[in-house]
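Chemist: Sharing a structure, written as structure tokens. Questions coming.
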Amino acid sequence: MSAVRIGPYILSNRLILAPMAGVTDQPFRQLCRRLGAGMVVSEMVTSDVRLWNSRKSRLRLLHEGDPEPRSVQIAGGDPQMLAEAAARNVELGAQIIDINMGCPAKKVCNKAAGSALMKDEKLVSEILEAVVGAVDVPVTLKIRTGWDRQNKNGLSVARIAEQSGIAALAVHGRTRADLYTGDAEYETVAAIKQAVSIPVFANGDIDTPEKARQVLDKTGADGLLIGRAAQGKPWIFREINHYLATGELMAPPTLVEVEDILLQHLEALHAFYGDVMGVRIARKHVSWYLATLPGAQEYRGRFNGLEDRDAQCASVRRFFAERRTGPVSGEGKGVAA
């Protein structure tokens, strides 16, 4: 497999953890890198630097200890604000700036940001040129196939991106109107890959090693962005890497290993966020990790009532101890007893 290059950086493999608000914080990014992601991208940071004093924004701007290259995603609709945000993030340690034109969330699109920007190709061009001109690091872009199925202008936006100096492009195989419903389509991704010379990454519904192989073959993409499929299953990166290299499926992690990964993740969350916020954020991750294990739904209610780190960790240990004594079904998450 040919190496994937973004500016001066050569990625260790073709798999990238997609930026996800509320998910790809520093603990999760570092975990996914250890488990096989070739690169990880931070949570979306607003381009309005006046809002960076909030605790949420301050935590999103922390990159110390992150493996290189450090990629930070910014979002907004004003070229100069985005340019300033890009420059400030580089000062804080970002080595790649990623621009969000792919998020379909209403609270983002209603502010003329995210995938809403694809409606205005002139503004797209102004934003990309402003950000590329403001920093000396590679700038990447994440888009969708278009605004809706009648307005699939992903190909046009991709050409604008290449002309503006964008170093790599990620394409989610849905329109903004599709949100996350239905199935992603990859024909548009393949057409974009054929039309531009910069690296193109496919995104959307890549949730198994076999699907990863199929999408690479269908699109000719240089790499893949893995998003929701990594929630509660960060080992999906090593599984896909193994399959792409050998054509064989890797054995799923044992319950003992899943427990160990989850407890490490919990410790990192509590250390990063502190006791109160760490307890709250741990709840959704535990729910994702355990989703397909027997008794998980009833357990979730009990776990969500716990109010401190020690109680959460002890509860997780008991949960796994009980399941190691009997048969376990891990279908859908790739967990072996």
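Chemist: Enumerate the pairs (first residue in the stretch 253-274 and of a type in the set (Val, Ile, Thr); second residue anywhere and modelled with pLDDT under 95) with beta-carbon separation below 7 Å, excluding pairs fewer than 6 apart on the same chain, so at least 6 apart or on different chains.
Modeler: Sorted first by the residue in the stretch 253-274, then by its partner, the pairs are THR254/ALA336; VAL258/VAL335.
Chemist: Of the residues ALA191, ALA212, which is open to solvent by 10 Å² or more (accessible area, probe 1.4 Å) and part of a helix (DSSP H, G or I)?
Modeler: On the way: ALA212 fails: open to solvent by 10 Å² or more (accessible area, probe 1.4 Å).
Going through ALA191, ALA212 in turn, the sole match is ALA191.
Chemist: Restrict the check to the stretch 275-286 and report whether at least one residue is farther than 22 Å from ALA18 by Cβ, open to solvent by less than 20 Å² (accessible area, probe 1.4 Å) and touching a Cys at 6+ places or on another chain (Cβ under 9 Å).
Modeler: There is no residue in the stretch 275-286 that is farther than 22 Å from ALA18 by Cβ, open to solvent by less than 20 Å² (accessible area, probe 1.4 Å) and touching a Cys at 6+ places or on another chain (Cβ under 9 Å).
Chemist: While we're on this one: Name the residues in the stretch 22-35 that are part of a loop (DSSP other than H, G, I, E, B) and buried (at least 19 other Cβ atoms within 10 Å of the Cβ), would you? Don't jump to the end; show me each part of the working.
Modeler: Let us first name the residues in the stretch 22-35 that are part of a loop (DSSP other than H, G, I, E, B), namely 22-25, 35.
Those that are part of a loop (DSSP other than H, G, I, E, B) and buried (at least 19 other Cβ atoms within 10 Å of the Cβ): VAL23, THR24, ASP25, LEU35.
Each row is one residue, and each column tells you yes or no for (1) more than 19 Å from CYS103 (Cβ to Cβ); (2) not aliphatic (A, V, I, L, M).
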residue: LEU31; (1), (2): yes, no
residue: GLY38; (1), (2): yes, yes
residue: SER42; (1), (2): no, yes
residue: THR46; (1), (2): no, yes
residue: ARG58; (1), (2): yes, yes
residue: ASP66; (1), (2): yes, yes
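Chemist: While we're looking at this one, here's another question. Would you pick out the residues in the stretch 215-235 that are more than 13 Å from the chain's Cα centre (by Cα) and part of a helix (DSSP H, G or I)?
Modeler: VAL215, LEU216, ASP217, LYS218, THR219, listed by residue number.
Chemist: Could I ask something else about it? With the requirement that a residue be over 17 Å from ALA184 (Cβ atoms) and surrounded by fewer than 16 Cβ atoms within 10 Å (Cβ to Cβ), what does the stretch 215-249 give you?
Modeler: ALA245, THR246, GLY247, GLU248, LEU249
Chemist: Can you tell which of ARG50, ARG88, ARG58 is modelled with pLDDT of 90 or more, of a type outside the set (A, V, I, L, M, F, W, C) and not in a strand (DSSP E or B)? Give the derivation first.
Modeler: Details: ARG50 fails: modelled with pLDDT of 90 or more; ARG58 fails: modelled with pLDDT of 90 or more.
The conditions single out ARG88.
Chemist: For THR292, which of the numbered conditions (1) under 22 Å from ALA229 (Cα atoms); (2) in contact with a helix residue (DSSP H, G or I) (Cβ under 9 Å, 6 or more places away or on another chain) fails to hold?
Modeler: Single failed check for THR292: (2).
Chemist: For the condition in the same structural domain as GLY165 (by the TED database) and more than 17 Å from the chain's Cα centre (by Cα), what is the one hit in SER57, SER42, SER71?
Modeler: Details: SER42 fails: more than 17 Å from the chain's Cα centre (by Cα); SER71 fails: more than 17 Å from the chain's Cα centre (by Cα).
Just one listed residue meets the conditions, SER57.
Chemist: Can you name every residue in the stretch 43-87 that is small (Gly, Ala, Ser), more than 23 Å from PRO8 (Cα to Cα) and open to solvent by less than 30 Å² (accessible area, probe 1.4 Å)?
Modeler: Narrowing the stretch 43-87 to residues small (Gly, Ala, Ser): 47, 54, 57, 65, 71, 75-77, 83, 85-87.
Filter once more, so that each one left must be more than 23 Å from PRO8 (Cα to Cα): 47, 54, 57, 75-77.
Across the stretch 43-87, the qualifying residues are SER47, SER57, ALA75, GLY76, GLY77.
Chemist: On to the next question. Does THR208 fit the bill of being polar (S, T, N, Q) and over 21 Å from ILE160 (Cα atoms)? Break it down stepwise before answering.
Modeler: Numbers: polar (S, T, N, Q): yes; over 21 Å from ILE160 (Cα atoms): yes.
Against the criterion (polar (S, T, N, Q) and over 21 Å from ILE160 (Cα atoms)), THR208 qualifies.
Chemist: In the stretch 175-188, which residues are open to solvent by 40 Å² or more (accessible area, probe 1.4 Å) and at pLDDT below 95?
Modeler: Taking the stretch 175-188 first, the residues open to solvent by 40 Å² or more (accessible area, probe 1.4 Å) are 177, 179-183, 187.
Within the stretch 175-188, ALA177, LEU179, TYR180, THR181, GLY182, ASP183 meet the criteria.
Chemist: Another one. For ARG323, state whether it is in contact (Cβ under 8 Å) with a residue 24 or more places away in the chain, closer than 16 Å to ALA212 by Cα and open to solvent by 20 Å² or more (accessible area, probe 1.4 Å).
Modeler: It is false that ARG323 is in contact (Cβ under 8 Å) with a residue 24 or more places away in the chain, closer than 16 Å to ALA212 by Cα and open to solvent by 20 Å² or more (accessible area, probe 1.4 Å).
Chemist: Run down ILE10, ILE16 and say which single residue is open to solvent by 30 Å² or more (accessible area, probe 1.4 Å), hydrophobic (A, V, I, L, M, F, W, C) and modelled with pLDDT of 90 or more.
Modeler: Checking each option against the conditions leaves just ILE10.
Chemist: Tell me, please, whether a residue that is assigned to a loop (DSSP other than H, G, I, E, B), in the same structural domain as ILE206 (by the TED database), under 21 Å from ALA268 (Cα atoms) and in contact with a helix residue (DSSP H, G or I) (Cβ under 9 Å, 6 or more places away or on another chain) can be found in the stretch 3-17.
Modeler: no
The values are calculated or read from the model by the stated rules, or taken from the named source; none is laboratory data. Not measured: the values here are computed from a predicted model. Note that each Cβ is placed from the backbone with ideal geometry, even for glycine, and that neighbours are counted across all protein chains shown. All accessible areas refer to the heavy atoms of the entire protein, side chains included, with ligands and DNA or RNA removed. Shrake-Rupley method; radii C 1.70, N 1.55, O 1.52, S 1.80 Å.
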